[in-house]
Every structure is written in C-alpha cells, then in structure tokens.
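Where a number appears in this text, it was derived from the coordinates with a stated rule and is not lab data. These numbers come from a predicted model, not from an experiment. No Cβ is skipped: glycine too gets one built from the backbone with ideal geometry, and neighbour counts run over all protein chains shown.
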Amino acid sequence: MKFTKHPLFYFLSFALAIILFVLIMQPLSILHFGEQIVMLFPDGLVALIERNLLFVIQAMMLLVIIPVFVMTFIFSWKYNAKNPKGEYDPDLVDNVALEYIWWGVPIVMVTIISALIWHYTYELDPFKPLDNRKPLKVQVVALQWKWLFIYPEAQVASVNFLQIPKDRPIHFEITADAPMNSFWIPSLGSQIYAMPNMKTQLNLIANSAGDFRGCSANISGVGFSGMYFTTRASSEEEFEKWLKTASQMPSMLNIETYNTLAKPSSYNPVAIYKLQDPNLFDHVLMKFMHPQ
C-alpha cells in the first residue's frame, strides 16, 4: 500500500521548524558565545531604537502572517479531498467584503510600515547629533586589517581599542586607507561604510559601561577575520584617566610611523600612541587627492 503524506503534514513540519529555530537559536548563542545576541539586547540609544523599530515591524507582520498560517491549517483540513463536507463555492471569488480585506489590509500595513521607516530613517540619520551636548570627537581610519582611532582634542591615538565615556555623545569621523570597509559596533548602533578619499560621520552613545565588540561588516580580504576591536565604555573619570595615561605613552604617531602601521597586517594587538601630528586624519583623507 502506497503511503501519501497529507498536505497538512508539510505545513505542520514547516511551522514546527520555524518554532524550533526561534526557541533554540537564542539559548545556543548564549551557550556558545557566552553572551546574548547583542542586537536584541543593545547597550546604546541608537541600537535600542533600531531594535524597537524591528520589533514593531515584526509584530505588525505577524498580524498578517498568523491568520495566514491559521487559515492554511483550516483550509487544508476543510477542503481535503477526503472530507465530504468541504463544499467548493465558485462565487466566493466575487465576494466584495473579502476583496476589501485581502487588498486593504496589506495596503494599510505597508503604508504604516513605510511611514515608520521614513520617520526613523530621518531621526537616526548618522550625521544628525543625538542631543545638544558637546560630543566627544573620534576620528576613525580603516586600515588593512585593523582600526586606527584618533582623539584629536586629546592628541592620542589607539589601534584596535576604542575608549569612550558612557552617557556622552560620540561623534565619529570615518575614512579608510585601504579597500572599502564598514565600521560597526553592534551593541551601540548603525554600521557605516569607510571609504578612501571620503569622510563620513556617525553619532552614537553608550547607555551603560562595559566592553563591546566592534568589527568590520564588509569583507575586505584575507585578514578580514582579524579586523575587530574592543570598545570600552566607562565613567567620565575613568575615561579622563585613560586619556592622561595614553598621552604619556612613549610611542609617537606621526606620518612616518603611520606609514609603517598602515602596511597590511591582521590580528594586531592593542597599541596606544601619543599623537605627534594633529593633522594625520586630514593627511590620510587627502593622500588620494590629485594635487591642486
């Protein structure tokens, strides 16, 4: 006797797979990485708004998806060929009320989601200051395959380590002296591309103290896997103490030492420099320009 699976079997198998994926992935991520999924449990204002927007849109989508799954189950049972009570009504296709539902609901949902995305795209403009307080200015240079952070006001610099004060806006100026890259601190917010001969901006803020992983979000060659850094958010007093210690470092960062640093290398250890050339970021930005 040949066994033929009922269509409902495939539907239930698919639904069960989705449920198991959602229920298992978060605990596994905690067991494997020792931490929660950072994008779902952010530590920065921008990332929190982005997470909440994602949840709102997903909730609105579930208002459509759940009824579709329920109706799929009902129709699979009611209109089964072996169910004599499942009568087919050919005139149902001209039902005006149902036409309003399956055309009107998606239009309303798409309109609301579009309005939300438009609003928050403007509100989370990376060039837009987060509040009226004076931000900490940090210049970021994406190298092969490491990150250089310059604090022009304190005249210090660091490699693969970013120290910031919590609850204070951070204004990043970003460029690259390497293939195009993408600067991203998932716990704090948006990623943004870093490109040679171009300067972009990003405004972030850390709401809590701690160490957050920063990384490259754009594959840029053989050393890409080692292109990550630590972002440490601390109190204002600890941050000022770090700046004072960094300003007393014997290693100097000028054009000569920068040219050595900019050579391709991966998995670079943390390095702290006293900034000797205050125009280093502008030098990196302009080095690809034709002379006037």
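Show me the chymotrypsin sites (Phe, Trp or Tyr not before Pro) within the stretch 54-144 that DSSP assigns to loop and that have at most 11 other Cβ atoms within 10 Å of their Cβ.
Taking the stretch 54-144 and a limit of 11 other Cβ atoms within 10 Å, the loop chymotrypsin sites (Phe, Trp or Tyr not before Pro) found are TYR88, PHE127.
When the Cα centres of the stretch 225-292 and the stretch 143-210 are compared, how far apart do they sit, in Å?
11 Å
Run the reach check for LYS137 against lysines, Cα to Cα strictly under 28 Å, same-chain hits fewer than 8 apart removed. What comes back?
The reachable lysines, counting only those whose Cα sits under 28 Å from LYS137, are LYS128, LYS146, LYS166, LYS199, LYS241, LYS244, LYS263, LYS274, LYS287.
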